[in-house]
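Worksheet for the structure shown next.
The values are calculated or read from the model by the stated rules, or taken from the named source; none is laboratory data. These numbers were taken from a predicted model, which means no experiment stands behind them. Here the Cβ positions follow ideal geometry from the backbone for every residue, glycine too, while neighbour counts run over all protein chains shown. SASA here: full protein model, heavy atoms, side chains in, ligands and nucleic acids out. Shrake-Rupley method; radii C 1.70, N 1.55, O 1.52, S 1.80 Å.
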Amino acid sequence: MRRQQHLIRLVLAAGLAAGLIGCLTDRASRPAPALRAAARGRCLIGAAIDAQAPDDPLVRPLLERHFASVTPDNLLKPDALQPREGEFTFDQADRLVDFARARGLAVEGHTLVWHHQTPDWFFKAADGGPVDRATALRRLETHITTVMRHYQGRVCAWDVVNEALSDVPGEYLRETPWLRAIGADYILWAFRFAQAADPTAELYYNDYNLEIPSKRDQALRLLADLRAAGARVNAVGLQAHYTLRWPAGADPETTPSEAWPDAATIEQTVLDFHAAGFPVMFTELDVNALPGDYNGAEVGLRLATRPELDPFRTGCPPAVLAAQARVYGAVFDIACRHPDKVRRVSTWGVTDAQSWLNNWPFPGRVNHPLLFDRAGRPKPAFFAAWRALTGRH
Ligand code: G3I
């Protein structure tokens, strides 16, 4: 009997010890808290992903744990889907969309109408000259209709028109091949075609630098015009390509960087669109950590290589990571305080390795703009986002 009790005690003690060890190892190896869960019920947390994401051992688990929505960064653009007239190439995009849906991730469509990554044939007549308006409109309709019908029920929302506003002071719309071929109403027609193609999809207008008051005014004018003409625009995408700023060559540990835009400006932007009747989404959030005097995302901007604008090749200094974290914290804080106005926060990539900012405005930079570093580890920016979402410190 006594032997039996002793045995039971031994087993219990061993079980307890095993549990304790399990607990400790679990705590040590516990992954970062999940962003998606922290944001539940307020806004969707998303990320742009590229064609490699399904096979990327770093990105895949991060996606599954932290994100509720994905935006294919290049695969749904016109050059990927219709490289030649009438030749639709859905295979690569289908694979990514199916991968996301199999994990319960919402898929955001980016983008139907843009001036980049759109093949020249859209704008050329048979004789190689400029296309006429009727043909351009027909091509616009065919592209939008075919793509949206193909993804109906799988892609829940589309950036119908991307970056149609001009950055030239005093100019309203950007001078694009679509504008030249059709006229200013190409935007209205794009929304009409989209609405007819898939009445269930959400339709967005998406652009960068809408935090600049003059460009925000252009956007508000465009949205008002579209609404007056009967077009349905469900929300506005604030691309949110933000940046830290300090003089090139300055020591980031001793020179405080400024952030562009500041939190009050971002919040005012949200309030202004909401007051006009449009919810917003932060669709392409990143915070450029490198010096340089440019903001936004004019992908046409190309500079010669300047090593002094690429100073963090072996790692990002803690002071810079802390300054960046404050920007991320501010964005997520705004999203939390305005759940009726901000529907989604998506970063443009998952780890720093995938960011377009490694190649803009000159190739081969080592930038650090996202929530996870190149090893997939959560950065101070991640924890700032998590704290803003949970209110925990
Ligand atoms: O696909 C070609 C490949 O065949 C070729 O060998 C290679 C050589 O450079 O280029 C590949 O194309 C690249 C493409 O991404 C796909 O990887 C282009 O050079 C490169 O310029 C292109 O960059 C994309 C950029 O849009 C250009 O339009 C970025 O990945 C993409 O993240 C970026 O996304 C945009 C949004 O759509 C709109 N808002 C701004 C945002 C950031 O620029």
Within the range 261-271, is even one residue touching a Phe, Trp or Tyr at 6+ places or on another chain (Cβ under 9 Å) and within 16 Å of the ligand (Cβ to nearest atom)? no
Sole miss for Phe332 among (1) over 30 Å from Ile187 (Cα atoms); (2) open to solvent by 10 Å² or more (accessible area, probe 1.4 Å) is condition (2)
Hits in the range 189-209 (condition: part of a helix (DSSP H, G or I) and open to solvent by 10 Å² or more (accessible area, probe 1.4 Å)): Trp189, Arg192, Phe193, Gln195, Ala196
Would you check which residues across the range 118-139 are more than 21 Å from Trp158 (Cβ to Cβ) and within 16 Å of the ligand (Cβ to nearest atom) and list them? Asp120
Conditions (1) within 20 Å of Ala235 (Cα to Cα); (2) open to solvent by 20 Å² or more (accessible area, probe 1.4 Å): number failed by Glu308: (1)
Residue that is nearest to Phe383 (Cα to Cα) [pool: residues in the range 300-310 that are part of a helix (DSSP H, G or I) and touching a residue at least 12 places away in the same chain (Cβ under 8 Å)]: Leu309
Go through (1) surrounded by fewer than 18 Cβ atoms within 10 Å (Cβ to Cβ); (2) at negative phi for Gly391 and report which single condition fails. (2)
Suppose we keep only residues that are in contact (Cβ under 8 Å) with a residue 60 or more places away in the chain and within 16 Å of the ligand (Cβ to nearest atom) within the range 314-352. Which one would you say is farthest from the chain's Cα centre (by Cα)? Thr351
Of the residues Ala224, Ala231, which is touching a residue at least 24 places away in the same chain (Cβ under 8 Å), of a type in the set (A, V, I, L, M) and part of a loop (DSSP other than H, G, I, E, B)? Ala231
Identify, please: which residue in the range 101-117 is surrounded by fewer than 20 Cβ atoms within 10 Å (Cβ to Cβ) and under 28 Å from Glu298 (Cα atoms) and is, among those, farthest from the ligand (Cβ to nearest atom)? Ala106
Candidates Ala219, Ala259, filtered to the one that is among the hydrophobic types (A, V, I, L, M, F, W, C), open to solvent by 40 Å² or more (accessible area, probe 1.4 Å) and either touching a residue at least 40 places away in the same chain (Cβ under 8 Å) or assigned to a strand (DSSP E or B) (or both): Ala259
Step by step: first the residues of the range 353-376, then only those that are among the small types (Gly, Ala, Ser) and more than 16 Å from the ligand (Cβ to nearest atom), then the one that is most open to solvent (accessible area, probe 1.4 Å). Which residue is that? Ala375
Of the residues in the range 235-254, how many are more than 16 Å from the ligand (Cβ to nearest atom), in a loop (DSSP other than H, G, I, E, B) and open to solvent by less than 40 Å² (accessible area, probe 1.4 Å)? 3
When (1) farther than 19 Å from Gln354 by Cα; (2) open to solvent by less than 60 Å² (accessible area, probe 1.4 Å); (3) part of a helix (DSSP H, G or I); (4) of a type in the set (A, V, I, L, M) are applied to Leu321, the one that fails is (1)
Test Val168 against the criterion of being more than 23 Å from the chain's Cα centre (by Cα) and surrounded by fewer than 15 Cβ atoms within 10 Å (Cβ to Cβ), and give yes or no. yes
Quick one: would you say Arg313 is in a loop (DSSP other than H, G, I, E, B), at pLDDT 90 or above and open to solvent by 40 Å² or more (accessible area, probe 1.4 Å)? yes
